[in-house]
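Report on one structure; see the data block that follows.
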Amino acid sequence: MRLLLMGDTHLPKRAGRLPAPLLAELPGADVVFHTGDWVDTATLDLLLSRSRRLIGVYGNNDGPELRARLPEVARADLGGLRFGAVHETGPAQGREARCAARFPDLDVLVFGHSHIPWDTTAPTGLRLLNPGSPTDRRRQPHCTYMTAAVTGGRLTDVELHRLPR
């Protein structure tokens, strides 16, 4: 099972559209995650129309229309792993322990908000992934997104993709 992870797209404020390399990944993805801060409903509609399965949440910059259509926290069982998605997880310091306590029922938590790519594992085994942002790099050297796979009940092939400036 192929996964595509993105978030913090902030369209159309930070970019006019999603980058072509990211859009090219959609047909090969079995599941697409978006970690919130869509800002416009057009991006949600686009991903719903082009994704086999979309798991999305709202972020702090998302207004009433998006909040009416998306949850704050999403959960899904995928290939034998328990996934969750949320926008905010708080400060980087203590994140693993804080998320492990908040989400003891998950194997993988996909999150956003910081625009900073993140891939760590809590002492409990919870894997935390932040794909960064494909449209707003902020203080990062590149805009980014992630791909991964679920194979035999394990998360494999986690890759951070850097987009050209």
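Please treat every number below as a calculation from the coordinates, not as lab data. Bear in mind that the values here come from a model prediction, so they are computed numbers and not experimental data. Every residue, glycine among them, receives a Cβ derived from its backbone with ideal geometry; neighbour counts consider all protein chains shown.
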Does segment 36-57 include one or more residues that are part of a loop (DSSP other than H, G, I, E, B) and among the basic types (Lys, Arg)? yes
Give Thr120, Thr35 a once-over and let me know the one that is surrounded by 21 or more Cβ atoms within 10 Å (Cβ to Cβ) and either within 16 Å of Leu155 (Cβ to Cβ) or of a type in the set (Ser, Thr, Tyr) (or both). Thr35
Filter segment 62-71 for residues that are touching a residue at least 12 places away in the same chain (Cβ under 8 Å) and in a helix (DSSP H, G or I); which is surrounded by the most Cβ atoms within 10 Å (Cβ to Cβ)? Leu66
Every residue from segment 114-128 that is out of contact with any Ser or Thr (no Cβ under 7 Å at 6 or more places or on another chain) and either part of a loop (DSSP other than H, G, I, E, B) or not aromatic (Phe, Trp, Tyr) (or both): Ser114, Ile116, Asp119, Thr120, Thr121, Ala122, Pro123, Thr124, Gly125, Leu126
Extreme residue, surrounded by the fewest Cβ atoms within 10 Å (Cβ to Cβ), among residues of segment 85-101 that are touching a Ser or Thr at 6+ places or on another chain (Cβ under 8 Å) and over 22 Å from Leu11 (Cα atoms): Ala92
Given the residues Leu4, Leu54, Leu46, Leu22, which is the only one that is more than 15 Å from the chain's Cα centre (by Cα) and either under 22 Å from His115 (Cβ atoms) or free of Cβ contacts under 8 Å to residues at least 40 places away in the same chain (or both)? Leu46
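Just to check your reading of the model, which residue among Leu163, Leu126, Leu155 is crowded, with 16+ Cβ neighbours inside 10 Å and either free of Cβ contacts under 8 Å to residues at least 60 places away in the same chain or among the aromatic types (Phe, Trp, Tyr) (or both)?
Sole residue among the options that is crowded, with 16+ Cβ neighbours inside 10 Å and either free of Cβ contacts under 8 Å to residues at least 60 places away in the same chain or among the aromatic types (Phe, Trp, Tyr) (or both): Leu126.
Out of the residues in segment 38-61 that are farther than 18 Å from Arg17 by Cβ and in contact with a strand residue (DSSP E or B) (Cβ under 8 Å, 6 or more places away or on another chain), state the one that is surrounded by the most Cβ atoms within 10 Å (Cβ to Cβ).
Here is the first cut: in segment 38-61, the residues farther than 18 Å from Arg17 by Cβ are 52-53, 55, 57-60.
Now narrow it down to the ones that are in contact with a strand residue (DSSP E or B) (Cβ under 8 Å, 6 or more places away or on another chain): 52-53, 55, 57.
Details: Arg52: 12, Arg53: 14, Ile55: 22, Val57: 27.
Checked segment 38-61; the qualifying residue surrounded by the most Cβ atoms within 10 Å (Cβ to Cβ) is Val57.
Tally up the residues in segment 13-32 that are aliphatic (A, V, I, L, M), within 27 Å of Gly79 (Cα to Cα) and surrounded by 14 or more Cβ atoms within 10 Å (Cβ to Cβ), please.
Of the residues in that region, 6 qualify.
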